[in-house]
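The values are calculated or read from the model by the stated rules, or taken from the named source; none is laboratory data. This is a predicted model, so every value here is computed, not measured. No Cβ is skipped: glycine too gets one built from the backbone with ideal geometry, and neighbour counts run over all protein chains shown.
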Amino acid sequence: MMSSEPMQATAAPVEAAPAAKPDHPMRETLKIFLKNRSAAGGLILLGLILFATIFGPAIYGVDPYEMVWMPLSPPGDGTPLGTDYIGRDILAGILVGGRVTLIVGAVSAVMTIVIGLVVGSFAGFFGGRVDAALMKFTEFFQVLPSLLLAMVMVTIFSPSLGTIIFAIGIVGWAQIARLTRAEFMRIASLEYVKAARAAGARDGYLMFRVILPGSLPPIVVASALVTGASILFEAGLSFLGLGDPNQLSWGLIIGQNQNYLMDAWWTVTCPGIAIFLTVLAISLIGDGINDALNPRARKRG
Amino acid sequence: MTGTPFLEVRNLTVEMKGESGAIRVLDDVSLRIERGRTMGIVGESGCGKSMTALAIMRLLPPGFEITAGQVLVEGEDITRVPEARMRALRGNDISMIFQEPMTSLNPVFTVGDQIAEAVKQHQGLDAGAAEQRAIEMLKAVQIPGAEARLHAYPHEFSGGMRQRVMIAMALACQPRLIIADEPTTALDVTVQAQIFALMRELQQETGTAIMLITHDLGAVAELADDVAVFYAGKRIESGPAGAILRHAAHPYTSGLMSCTPRLRLSAAARDGAAVLREIPGMVPQLGRMPQGCRFAPRCPLADDRCRSVMPPDVEVGPAHAAACWKAETEVMA
Amino acid sequence: MSDELLRVNGLKVHFDAGRAPGGGRRTVHAVDGVDFSVRKGTSYGIVGESGSGKSTIAQAIMRLVPITEGSIFLKEHQISGLEGQSLRAVRDRFQMVFQDPFSSLNPRKKARAAIREPLDLLGIGDEKGRDKVAEDMLAAVGLHREAGRLFPHQFSGGQRQRLCIARALASRPELIVCDEPVSALDVAIQAQILNLLRQLQAEMGLSYVFISHDLAVVQYVCDEVAVMYLGEFVEKAPAAKLFSSAMHPYTWSLMSAALSPEAERGTLAKRPLLGGEPPSPTAPPPGCRFAARCPFATERCRAEKPALRGFGEGHRVACHYAGELEPPIPELRRAA
Ligand SMILES: Nc1ncnc2c1ncn2[C@@H]1O[C@H](COP(=O)(O)OP(=O)(O)OP(=O)(O)O)[C@@H](O)[C@H]1O
Ligand SMILES: Nc1ncnc2c1ncn2[C@@H]1O[C@H](COP(=O)(O)OP(=O)(O)OP(=O)(O)O)[C@@H](O)[C@H]1O
Ligand code: SF4
Ligand SMILES: [Mg+2]
Ligand SMILES: [Mg+2]
């Protein structure tokens with residue numbers, strides 16, 4: 001019988017093996033992200049697109065507003081991607097138009113995310129009446145038909161870049177707000193938040209230093225989707241003729257050439273492919289971030 | 001016991017296939033569960049208790065695989081039978097009750113439908129007979145107003161009631177073995193006592209065997225005929241419950257015994273002298289198993305042989321085996 | 001008493017639980033009038049089943065939930081009346097250890113930063129001093145001094161609970177509220193943590209409010225014990241008294257549901273077991289809250305609420321028939 005043998009009688013120091021080198025959760029995430037092939041592909045694709053829109057026009061050197069060749073001439077016949085209905089070079093248009101498309105997409109996505117984050121975090125953190133009021137407000141924006149609202153706004157105010165960005169930003173934030181609120185509520189109920197409060201933390205510290213970092217992962221993923229959606233939205237508005245006519249963008253090229261789709265497919269298809277690739281790259285990156293943040297296999301804790 | 005037991009697990013090894021090669025989760029585990037008896041499986045968290053149950057049910061999570069050994073149900077090795085045979089076995093002969101009664105019932109169907117569905121599938125009863133059986137089962141697990149509760153949804157039941165429903169479902173097809181994986185961990189002590197009393201009563205009526213997974217030696221004393229103690233993926237001691245609880249041969253088992261606080265109903269409540277004994281340190285991590293005996297780093301008796309050579313299972317009493325170099329035969333009183 | 005550290009008077013915590021089906025609002029009576037005091041250097045245990053309001057008491061003391069009624073004094077400070085800066089000024093005196101060692105540490109904070117957090121937030125000491133305190137606390141709870149560089153996910157459950165204790169100790173509090181500190185741990189680790197808590201108490205003269213649903217654990221740690229049912233204390237007494245001569249039927253049922261490795265097989269079946277489950281705290285019954293499950297209940301119990309009555313030596317019981325009923329547990333009968 002062994003039970004009579006002396007078993008350690010008092011709290012023996014149990015030493016955590018400090019041998020393992022500290023691995024920040026964020027660094028681990030980055031590693032998993034870079035290992036993911038489609039995410040890395042998305043990152044490279046987006047890099048190429050950014051490079052092309054930033055440096056492309058200077059390298060290519062063709063003026064996109066100038067009539068350079070026969071109208072509606074097919075790709076390879078004098079110009080790499082053909083010309084549009086008044087003989088402007090499509091490739092030059094795509095390279096220059098990308099700037100506006102990407103800027104509108106990015107700026108309105110930032111606006112969407114910031115509004116959503118602020119509304120969602122206050123609603124989620126304070127709960128009760130603050131939450132009820134903010135969520136009513138959010139619901140109002142969520143049920144509005146977003147394209148229609150944007151169209152109305154652009155029609156009322158002049159269709160300038162600013163209006164378009166504002167219109168896209170104002171219609172898309174509700175979803176981010178709901179997500180942020182849910183994450184804030186989930187994390188606020190975790191014991192480490194209570195522990196920080198018990199240790200004397202103020203509201204601001206809890207919101208921005210404790211809860212926000214923990215709730216960012218799903219918000220980052222959603223933000224990637226929002227950016228893609230904003231780009232599509234901009235293209236949609238331009239296609240409907242509600243874009244800024246003075247600013248060349250991918251959507252504008254498609255919109256101006258839509259009547260020639262049957263005779264000159266390249267005029268619409270080429271900028272269409274550019275939009276498709278950009279949104280694809282962004283959503284691949286979003287998926288990659290998602291997988292890196294929630295790997296099922298990652299061990300508990 | 002002689003003859004073939006209902007369930008025999010022989011040298012079962014389960015591995016997890018990962019990026020960095022295979023990691024052993026269960027190593028050479030052997031068990032015998034006799035008909036109509038209760039086998040308690042004890043051990044600390046992460047020692048492979050649930051894995052053993054899942055391997056027997058052939059419900060291992062993706063990435064896990066039985067790489068050696070056999071699981072014999074009345075002599076038939078089920079590690080290799082086709083999935084269709086397994087489905088017939090699961091429900092009909094072996095059923096399982098999980099720890100978390102909240103998530104193991106489907107929230108969108110009524111309780112009655114879920115029990116009836118199980119009976120229809122496995123026993124080929126028609127709808128009327130299945131519903132009748134569902135009512136019988138709810139009555140058997142002492143749910144008041146069974147007829148009315150038949151049409152209730154799981155969320156309308158408390159935790160204890162849900163666990164009763166799980167037991168009703170597990171029993172509905174009259175299985176010959178019920179695997180209960182920590183069936184009362186999520187419940188209050190008074191409710192746990194009810195569930196244990198119910199399980200005993202039902203076992204006496206139906207003669208089903210029970211494999212009770214728990215980390216509570218008190219639960220083992222209450223319900224089990226036989227016990228298997230797990231440590232770090234190995235079964236390190238097994239035998240009749242009485243023998244193990246009174247003459248633990250493995251230092252891990254006796255360590256568990258001495259670190260369980262006992263309720264003492266006397267005036268000598270908190271005397272400073274009676275310090276609980278501890279098992280220092282913690283269970284080794286998967287894939288970082290020590291050479292030799294896995295318990296050696298925490299064992300007060302360990303010597304160089306323990307640290308270098310894995311001890312074999314030794315017979316220490318009738319049907320009582322322990323894997324420890326220092327295990328002594330239980331002869332003395 | 002002069003050595004009284006914590007005093008809780010008539011504490012009530014009610015939560016709003018949304019609209020009731022018939023109009024009006026539903027109120028959860030999570031804690032419904034409890035009084036107790038904790039002497040310096042001792043442990044006060046609270047036992048009871050899930051939902052009885054144990055955590056709510058803990059959080060009320062820590063000022064994490066709004067207090068509906070009653071007052072809480074820590075020495076001369078009425079902590080139930082403090083707000084904002086004045087509350088923060090006394091926060092270093094009382095700290096808490098939570099049940100779940102996995103969710104009670106911020107996954108993004110290294111161990112040292114987690115232990116330092118109370119000091120940083122309360123502005124105690126300078127940078128270097130705080131790091132030193134953090135390392136000392138790591139050593140005090142039996143972890144390696146270097147372990148401060150690791151993230152919580154690199155520790156096991158038991159080690160995380162040690163970290164949480166180190167964090168609670170950092171500001172050198174007099175009182176630590178432990179809400180089920182060992183419920184999520186294995187027995188082997190549970191014994192380590194219980195012994196650590198006892199050892200720290202002996203070394204630092206700490207006082208504990210110790211919450212658990214396990215009578216055996218409470219008996220091991222506590223000097224005084226209160227048994228809680230549906231938001232109220234039904235029995236309280238010095239530990240020795242309670243475990244030798246409990247008088248409330250609910251306390252008896254907790255005792256008879258307790259399992260022991262030494263018990264004979266089928267012991268539970270021979271004991272008088274409680275049927276049913278606790279009623280909802282939204283609409284507590286008018287009489288004795290335990291009457292619906294109590295084997296001794298009479299009409300009087302269902303109609304009239306029993307008050308806590310004294311039975312000498314600080315033993316108080318809320319049952320109309322306390323002292324007249326025969327305990328169904330042989331050990332208690334013998335002791336009586
Ligand atoms: N899905 C999974 N992926 C990776 N590892 C797993 C998975 N499930 C279990 N494991 C690991 O397999 C080992 C055995 O786990 P198992 O669930 O059998 O333990 P257990 O004895 O049932 O513990 P508990 O008392 O916590 O339920 C553990 O080390 C665990 O971490
Ligand atoms: N924030 C809240 N809002 C509404 N109800 C609550 C809230 N917190 C607790 N409750 C309710 O108050 C009652 C008491 O809960 P409490 O957490 O104090 O119980 P407990 O005794 O700690 O139980 P456990 O053993 O499960 O931890 C429960 O019915 C619970 O549902
Ligand atoms: S007052 Fe009545 S119902 Fe309540 S515990 Fe006593 S005997 Fe039971
Ligand atoms: Mg398990
Ligand atoms: Mg609690």
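I'm checking my understanding of the structure. Among residues of region C:184-208 that are within 10 Å of chain B (Cβ to nearest Cβ) and in a loop (DSSP other than H, G, I, E, B), which one is nearest to ligand 5 (Cβ to nearest atom)?
C:ALA184
In region B:41-54, is there at least one residue being part of a strand (DSSP E or B), surrounded by 20 or more Cβ atoms within 10 Å (Cβ to Cβ) and either away from ligand 3 (no atom under 16 Å from the Cβ) or charged (D, E, K, R) (or both)? Before the answer, list the steps.
From region B:41-54, those part of a strand (DSSP E or B) are B:41-42; that's our starting set.
Cutting the leftovers down to surrounded by 20 or more Cβ atoms within 10 Å (Cβ to Cβ) gives us B:41-42.
Still in the running and either away from ligand 3 (no atom under 16 Å from the Cβ) or charged (D, E, K, R) (or both): B:41-42.
There is at least one residue in region B:41-54 that is part of a strand (DSSP E or B), surrounded by 20 or more Cβ atoms within 10 Å (Cβ to Cβ) and either away from ligand 3 (no atom under 16 Å from the Cβ) or charged (D, E, K, R) (or both).
Residue check, C:ILE211 against (1) away from chain B (no Cβ under 14 Å); (2) more than 16 Å from ligand 5 (Cβ to nearest atom), all met but one. Which one?
(2)
Starting from residues that are part of a loop (DSSP other than H, G, I, E, B) and of a type in the set (Asp, Glu), keep the ones in region B:171-192 and report whichever is nearest to B:GLY36 (Cα to Cα). Give the derivation first.
First, pick out the residues of region B:171-192 that are part of a loop (DSSP other than H, G, I, E, B): B:173-176, B:182-188.
Those still in the list that are of a type in the set (Asp, Glu) too: B:182, B:188.
Details: B:GLU182: 19, B:ASP188: 27 Å.
The qualifying residue nearest to B:GLY36 (Cα to Cα) is B:GLU182.
For region C:227-244: of the residues being at the interface with chain B (Cβ under 8 Å from one of its Cβ atoms) and touching a helix residue (DSSP H, G or I) at 6+ places or on another chain (Cβ under 8 Å), which is nearest to B:ALA219 (Cα to Cα)?
C:PHE243
Is it fair to say A:ARG186 is surrounded by fewer than 18 Cβ atoms within 10 Å (Cβ to Cβ), over 14 Å from the mean Cα position of the chain (by Cα) and under 30 Å from C:GLN99 (Cα atoms)?
yes
Residue under question is C:SER55, and the condition is that it be away from ligand 5 (no atom under 13 Å from the Cβ), modelled with pLDDT of 90 or more and in contact with a strand residue (DSSP E or B) (Cβ under 6 Å, 6 or more places away or on another chain); does it hold?
Numbers: away from ligand 5 (no atom under 13 Å from the Cβ): no; modelled with pLDDT of 90 or more: yes; in contact with a strand residue (DSSP E or B) (Cβ under 6 Å, 6 or more places away or on another chain): yes.
Against the criterion (away from ligand 5 (no atom under 13 Å from the Cβ), modelled with pLDDT of 90 or more and in contact with a strand residue (DSSP E or B) (Cβ under 6 Å, 6 or more places away or on another chain)), C:SER55 does not qualify.
Table: residues versus (1) touching a residue at least 12 places away in the same chain (Cβ under 8 Å); (2) within 16 Å of ligand 2 (Cβ to nearest atom); (3) surrounded by fewer than 23 Cβ atoms within 10 Å (Cβ to Cβ).
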residue: C:GLY231; (1), (2), (3): yes, yes, no
residue: C:ALA246; (1), (2), (3): yes, no, no
residue: C:PRO285; (1), (2), (3): yes, yes, yes
residue: C:ALA297; (1), (2), (3): no, no, yes
residue: C:LEU308; (1), (2), (3): yes, no, yes
residue: C:CYS319; (1), (2), (3): yes, no, no
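Could you tell me how many of the residues in region C:292-330 are basic (Lys, Arg) and part of a loop (DSSP other than H, G, I, E, B)?
The total comes to 2.
Working carefully through the options C:ILE57, C:ILE67, find the one that is more than 10 Å from every other protein chain (Cβ to nearest Cβ), within 16 Å of ligand 2 (Cβ to nearest atom) and in contact with a helix residue (DSSP H, G or I) (Cβ under 6 Å, 6 or more places away or on another chain). Give the derivation first.
Numbers: C:ILE57 fails: in contact with a helix residue (DSSP H, G or I) (Cβ under 6 Å, 6 or more places away or on another chain).
Being more than 10 Å from every other protein chain (Cβ to nearest Cβ), within 16 Å of ligand 2 (Cβ to nearest atom) and in contact with a helix residue (DSSP H, G or I) (Cβ under 6 Å, 6 or more places away or on another chain) holds for just one of C:ILE57, C:ILE67, which is C:ILE67.
Examine region C:164-178 for a residue that is within 10 Å of chain B (Cβ to nearest Cβ) and either part of a loop (DSSP other than H, G, I, E, B) or of a type in the set (Ser, Thr, Tyr) (or both), and state whether such a residue exists.
No, every residue in region C:164-178 fails to be within 10 Å of chain B (Cβ to nearest Cβ) and either part of a loop (DSSP other than H, G, I, E, B) or of a type in the set (Ser, Thr, Tyr) (or both).
Being part of a helix (DSSP H, G or I) and surrounded by fewer than 19 Cβ atoms within 10 Å (Cβ to Cβ) is the filter here, so list the residues in region A:112-130 that pass it. Don't jump to the end; show me each part of the working.
Narrowing region A:112-130 to residues part of a helix (DSSP H, G or I): A:112-126, A:128-130.
Hits for region A:112-130 are A:VAL114, A:VAL118, A:PHE126, A:GLY128, A:ARG129, A:VAL130.
Anything in region C:280-336 that is modelled with pLDDT of 90 or more and either on the phi > 0 side of the Ramachandran plot or polar (S, T, N, Q) (or both)? List them, or say none.
C:THR298, C:GLY314
Could you tell me whether any residue of region B:235-246 is within 7 Å of another protein chain (Cβ to nearest Cβ), under 30 Å from B:GLU136 (Cβ atoms) and modelled with pLDDT of 90 or more?
No, that holds for no residue.
Quick one: is C:TYR220 touching a residue at least 12 places away in the same chain (Cβ under 8 Å), hydroxyl-bearing (Ser, Thr, Tyr) and touching a Cys at 6+ places or on another chain (Cβ under 8 Å)?
Taking the combined requirement at face value, the residue does not satisfy it.
With (1) in a helix (DSSP H, G or I); (2) touching a Cys at 6+ places or on another chain (Cβ under 9 Å); (3) within 26 Å of C:GLY314 (Cβ to Cβ) as the list, and C:LYS241 as the residue in question, which single condition is left unmet?
(2) is the only condition that C:LYS241 fails.
Just one of C:ASP223, C:ASP186 is among the acidic types (Asp, Glu) and either at pLDDT 95 or above or within 14 Å of the chain's Cα centre (by Cα) (or both); which is it?
C:ASP223
Can you tell me which residue among B:GLN114, B:GLN163, B:GLN174 is within 26 Å of the chain's Cα centre (by Cα) and at positive phi?
Testing whether each residue is within 26 Å of the chain's Cα centre (by Cα) and at positive phi leaves just B:GLN174.
Could you tell me how many of the residues in region C:133-167 are crowded, with 24+ Cβ neighbours inside 10 Å and acidic (Asp, Glu)?
Qualifying residue count, region C:133-167: 0.
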